[in-house]
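The values are calculated or read from the model by the stated rules, or taken from the named source; none is laboratory data. A quick note: this is a predicted structure, and the numbers were derived from the prediction, not measured. Because the Cβ atoms are built from the backbone with ideal geometry, glycine has one as well, and the counts that use them run over all protein chains shown. Ligands, DNA and RNA are excluded from the accessible area calculation, which covers all protein heavy atoms including side chains. Shrake-Rupley method; radii C 1.70, N 1.55, O 1.52, S 1.80 Å.
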Amino acid sequence: MSGTGYRVRPVAGLPEIREGDDLAKLIAAAAPDLSDGDVLLVTSKIVSKAEGRIVEATDREAAIDAETVRVVARRGTLRIVENRQGLVMAAAGVDASNTPAGTVLLLPEDPDASARAIRAGLRETLGVEVGVIVTDTFGRPWRSGLTDVAIGAAGVRVLDDLRGGTDAYGNPLSATVVATADELAAAGDLVKGKASGLPVAVVRGLPHLVAADDGEGARAMVRGARDDMFRLGTSEAVRQAVTQRRTVRAFTDAPVDPGAVRRAVAAAVTAPAPHHTTPWRFVLLESPESRTRLLDAMREAWIADLRRDGKTEESIAKRVRRGDVLRNAPYLVVPCLVMDGSHTYGDARRDGAEREMFVVAAGAGVQNFLVALAGERLGSAWVSSTMFCREVVREVLDLPADWDPMGAVAVGHPAEEPRPRPERDAGGFIEVR
């Protein structure tokens, strides 16, 4: 296949690959005319076979489980997951085709290392400097059909960062980073095919894409969780957001987008509530002055309470320092409960239950709020302190007398990735009657 200044051709003549085979020598024998500046596209399946990534598995689902780090989405038996290599794809890349019955084929353990080994082998065998891309087949969100992408690379400029340049009309380019390695992988797939028995292709005529060193590899193309705008988006992802919602106690200085907080409030007010009421109010403290004024007044009230309890000054100082999570956050939110629309029954039992319903609804709203913040890639910590000095909070923030502060939520960008959450067995919290 010809294009503007380059050519893509398949490599014929490769034997059936078996564990322990030297791919570089086999490719060199099948394509002795490889030249400096060529880019070699190698299907991951033959890399996996050569590396012995064939495993016995009577149950493919169990093999997928073993390779899965995170379930992104599920529909019926189909799972889109993040696998051990950091790739988000169907079935963790576990393949039951073109492999003996009762076995499955796993992706290479380290596709970048595999690409480096093939590149080094070709240099040693043929004396050429080529780029190597290990490819695999992916589906894509919002697009039907499959295409090959790069999962490993060596000696290839995998990303072409055009930011800072201009287009043909002189307009600045501020967000354009081209996935060059994926484009090469897809071009190779046009001549390799899925069932033609041609697992390797060569691109010639694009030597500017071949680097002198091995480069950063295809791993550089995997978008990190913090920058992934679409990490959360299906019903499964909502559950993932719930599990990923963590209490964050250290934040960066990066400003918080007020629009993100307002979107989280919009999610909060969809929580269930009694009598078709709306018992939530969210006070957003966006200025440093408002946060400092509130926290100073709360600290004075807290110190006074602790002194009345007979605590020592040393103990008081230690306890007050625990409240620094609010003071160090770049954004605070004070959720409040209002009882508009509540019923009065005239006896303590039913009136108490009525208030409890509204408190539960307030908690559901705050939980929605925290989960939505996680979906916005913001960290949060819900601290109960405003509930112990509601009169002070109402006075400082000039709130109506019937607004009950229900803690305060510190909001910001996490200073570090949270530690993995240990699994909890839900069975320990269930009773069946």
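For segment 387-406, state whether one or more residues are within 24 Å of the chain's Cα centre (by Cα), at negative phi and open to solvent by 10 Å² or more (accessible area, probe 1.4 Å).
Looking through segment 387-406, none of the residues is within 24 Å of the chain's Cα centre (by Cα), at negative phi and open to solvent by 10 Å² or more (accessible area, probe 1.4 Å).
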inquiry  = Every residue in segment 328-354 that is within 30 Å of Arg262 (Cα to Cα) and among the charged types (D, E, K, R), please.
reply    = Asp340, Glu354
key: Scope segment 255-294; condition in a helix (DSSP H, G or I), among the charged types (D, E, K, R) and without any contact (Cβ under 8 Å) to a residue 60 or more places away in the chain; matching residues   = Arg262, Glu289, Arg291
request  = Hey, can you tell me all the residues within segment 83-100 that are open to solvent by 40 Å² or more (accessible area, probe 1.4 Å), part of a strand (DSSP E or B) and either over 19 Å from Arg140 (Cα atoms) or not hydrophobic (A, V, I, L, M, F, W, C) (or both)?
outcome  = Asp95
query = Scanning segment 312-327 for residues that are assigned to a loop (DSSP other than H, G, I, E, B) and modelled with pLDDT under 90, which turns out farthest from Arg262 (Cα to Cα)?
reply = Arg322
task = May I ask you to verify whether Arg246 is surrounded by 17 or more Cβ atoms within 10 Å (Cβ to Cβ) and touching a Lys or Arg at 6+ places or on another chain (Cβ under 9 Å)?
result = no
query = Pick from Gly13, Gly37: which is under 37 Å from the mean Cα position of the chain (by Cα) and surrounded by fewer than 21 Cβ atoms within 10 Å (Cβ to Cβ)?
reply = Gly37
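Here's the yes/no breakdown for (1) modelled with pLDDT of 95 or more; (2) of a type outside the set (A, V, I, L, M):
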| site | (1), (2) |
| --- | --- |
| Ala90 | no, no |
| Val94 | no, no |
| Asn98 | no, yes |
| Ala113 | yes, no |
| Ile118 | yes, no |
| Gly121 | yes, yes |
| Glu124 | yes, yes |
| Val128 | yes, no |
| Gly131 | yes, yes |
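Just to be sure I understand, how many residues within segment 101-147 are in contact (Cβ under 8 Å) with a residue 60 or more places away in the chain and closer than 19 Å to Val88 by Cα? Step through it out loud before you land on a result.
Going residue by residue through segment 101-147, those that are in contact (Cβ under 8 Å) with a residue 60 or more places away in the chain are 105, 107-108, 111-112, 114-122, 124-126, 128-136, 141.
So of that shortlist, the ones also closer than 19 Å to Val88 by Cα come out as 105, 107-108, 111-112, 133-136, 141.
Going through segment 101-147 one residue at a time, the tally reaches 10.
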key: Scan of segment 213-226 for residues that are assigned to a helix (DSSP H, G or I) and either of a type in the set (S, T, N, Q) or surrounded by fewer than 15 Cβ atoms within 10 Å (Cβ to Cβ) (or both), ordered by number   = Ala220, Ala225, Arg226
ask   = Does segment 138-158 contain at least one residue that is closer than 17 Å to Pro199 by Cβ, at pLDDT 95 or above, part of a loop (DSSP other than H, G, I, E, B) and not β-branched (Val, Ile, Thr)?
value = no
query = Looking only at residues in segment 227-254 that are of a type in the set (S, T, N, Q) and part of a helix (DSSP H, G or I), which one is modelled with the lowest pLDDT?
reply = Ser235
message = Quick check on my filter: what residues within segment 350-393 are within 18 Å of His275 (Cβ to Cβ) and among the basic types (Lys, Arg)?
response = Arg350, Arg355
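Run down Ala273, Ala260 and say which single residue is under 14 Å from Asn368 (Cβ atoms), out of contact with any strand residue (DSSP E or B) (no Cβ under 7 Å at 6 or more places or on another chain) and not hydroxyl-bearing (Ser, Thr, Tyr). It would help to see each step written out before you state the result.
Working: Ala260 fails: under 14 Å from Asn368 (Cβ atoms).
When all the criteria are applied, what remains is Ala273.
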query = Mind checking which residues of segment 346-386 are in a helix (DSSP H, G or I) and among the acidic types (Asp, Glu)?
reply = Asp351, Glu354, Glu356
query = Residues of segment 101-118 being part of a helix (DSSP H, G or I) and surrounded by 23 or more Cβ atoms within 10 Å (Cβ to Cβ), which ones?
reply = Pro111, Asp112, Ser114, Ala115, Ile118
